[in-house]
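J.: Let me begin by handing over the structure; questions about it come next.
The values are calculated or read from the model by the stated rules, or taken from the named source; none is laboratory data. Because the structure is predicted, anything quoted here is derived from the model rather than measured. Cβ placement follows ideal geometry from the backbone for every residue including glycine, while neighbour counts extend to all protein chains displayed. Each accessible area value is taken on the protein alone, full model and side chains, heavy atoms only, with ligands, DNA and RNA left out. Shrake-Rupley method; radii C 1.70, N 1.55, O 1.52, S 1.80 Å.
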Amino acid sequence: MTRWFRLLLVQLLLLAERINVGGQAVLEGVMMRAPRSMAIAVRRPSGEIAVKREEVPPLSERFPIVKLPILRGAVALFSSLVIGLKALNFSANEALAEEEEKEELSSWAMGGTMAVALGFGVLLFFVLPLYLTKLLVPVIGQSNIVFNLVDGIIRVAVFLLYIVSISRMGDIQRVFEYHGAEHKTIFAFEAGEELTAATVQKYSRLHPRCGTSFLLIVMLVSIVIFSLIPKLWPFWMKAGARVVLLPVIAGVSYEFLKWSAKNGQHPLVRLIIAPGLALQRLTTREPDDSQVEVAIRSMVEALEENGGYKDDRLVV
């Protein structure tokens, strides 16, 4: 597995919901996104921080239809993947040592890499569990409820095994440390604190709007939605239907994540989001002050590029 492919799969875990200010960890850095801007800050081998920032107007300004519930979640996920890959491309080149050859990706290469990574993710998390469950039919019987429950359990197990496996890789552990720095910085910003390393370090590295929590929600929502697929369909039709239904699952999961973020203090909501927060203990690490400084720089640059624009509309 190439470095690009492995790192892009990790990006699927690190996507944060883009409401007000969100973020994403990249190689030796952090990308932050405000309502109309984004900024990437990366620590170079020399120690200096490289920054790239740009205005990113919401797609909803040009296409109001993407504000519709469910649809906005699917669009936001795809948009986040595109922006995340661009951020990863920038961070990889800036984080490379001078003697290493840089791997600048063209638009076609980035698109191809994203397509391969998404295809692999679909096969690993949706088609493989279906196939394994199909093999277990002689043991679990013909009940559609039992079939979908076992399928869902296998899907979550594969997801957890994937996270545990990549968390042991050295370069991924560094990304997870920046992931923790990103969350702490967003927490401090949301609390109205002054953004200094000492202040930011006081906050938790576990954030309810994290992409890790989002993907766990996707796994659980898929159990319900896939149960609607007719039991008598052949394997290839069931597998194809799962691919077609992915935007719907992403949209429903997005709406739930948005709702839970706004009602995070309710005891029932806290109970529901607890597994996602627990899972973040695998995808985040406690950052050092130098990593927090990079996250703060990214936040400040994104807000400056945002130009004081404030809007609670979804950023997609």
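J.: Residue check, Pro208 against (1) in contact (Cβ under 8 Å) with a residue 24 or more places away in the chain; (2) in contact with a helix residue (DSSP H, G or I) (Cβ under 7 Å, 6 or more places away or on another chain); (3) open to solvent by less than 20 Å² (accessible area, probe 1.4 Å), all met but one. Which one?
T.: Looking at each condition in turn, Pro208 falls short on (3).
J.: Condition first: of a type in the set (A, V, I, L, M) and either open to solvent by 50 Å² or more (accessible area, probe 1.4 Å) or touching a Phe, Trp or Tyr at 6+ places or on another chain (Cβ under 7 Å) (or both). Now tell me which residues in segment 138-184 satisfy that.
T.: Of everything in segment 138-184, those that are of a type in the set (A, V, I, L, M) and either open to solvent by 50 Å² or more (accessible area, probe 1.4 Å) or touching a Phe, Trp or Tyr at 6+ places or on another chain (Cβ under 7 Å) (or both) turn out to be Val139, Ile140, Ile145, Val146, Leu149, Ile153, Ala157, Val158, Leu160, Leu161, Val164, Met169.
J.: State all residues of segment 167-196 that are charged (D, E, K, R), part of a helix (DSSP H, G or I) and either farther than 12 Å from Met299 by Cβ or modelled with pLDDT under 90 (or both); if no residue qualifies, say none.
T.: Across segment 167-196, the qualifying residues are Asp171, Arg174, Glu177, Glu190.
J.: I'd like to know if segment 205-223 contains one or more residues that are closer than 17 Å to Leu128 by Cα and more than 19 Å from the chain's Cα centre (by Cα).
T.: yes
J.: Please specify each residue of segment 44-76 satisfying the condition of being assigned to a strand (DSSP E or B) and among the β-branched types (Val, Ile, Thr).
T.: Hits for segment 44-76 are Ile49, Val51.
J.: Applying the selection to segment 217-229, what residues are touching a residue at least 24 places away in the same chain (Cβ under 8 Å) and either open to solvent by 60 Å² or more (accessible area, probe 1.4 Å) or over 21 Å from Leu149 (Cβ atoms) (or both)?
T.: Listed by number, the list holds a single entry, Leu220.
J.: Just need a number here: residues in segment 256-296 that are surrounded by 20 or more Cβ atoms within 10 Å (Cβ to Cβ), under 28 Å from Ala197 (Cβ atoms) and of a type in the set (A, V, I, L, M, F, W, C).
T.: 6
J.: Sticking with this structure for a sec: State which residue pairs qualify: first residue farther than 12 Å from Ser204 by Cβ and without any contact (Cβ under 8 Å) to a residue 12 or more places away in the chain and inside segment 182-194, second residue of a type in the set (D, E, K, R) and open to solvent by 10 Å² or more (accessible area, probe 1.4 Å) in any location, beta carbons under 9 Å apart, and separation of 6 or more residues or different chains.
T.: Glu193/Lys202
J.: Moving to a separate point now. Name the single residue that is farthest from the chain's Cα centre (by Cα) among those in segment 230-244 being of a type outside the set (A, V, I, L, M) and open to solvent by less than 50 Å² (accessible area, probe 1.4 Å).
T.: Lys238
J.: Pairs only if they're at least six apart or on different chains, beta carbon under 9 angstrom, first in segment 148-168 and touching a residue at least 12 places away in the same chain (Cβ under 8 Å), second among the charged types (D, E, K, R) and assigned to a helix (DSSP H, G or I); list them, first residue then second.
T.: Asp151/Lys134; Ile166/Arg6
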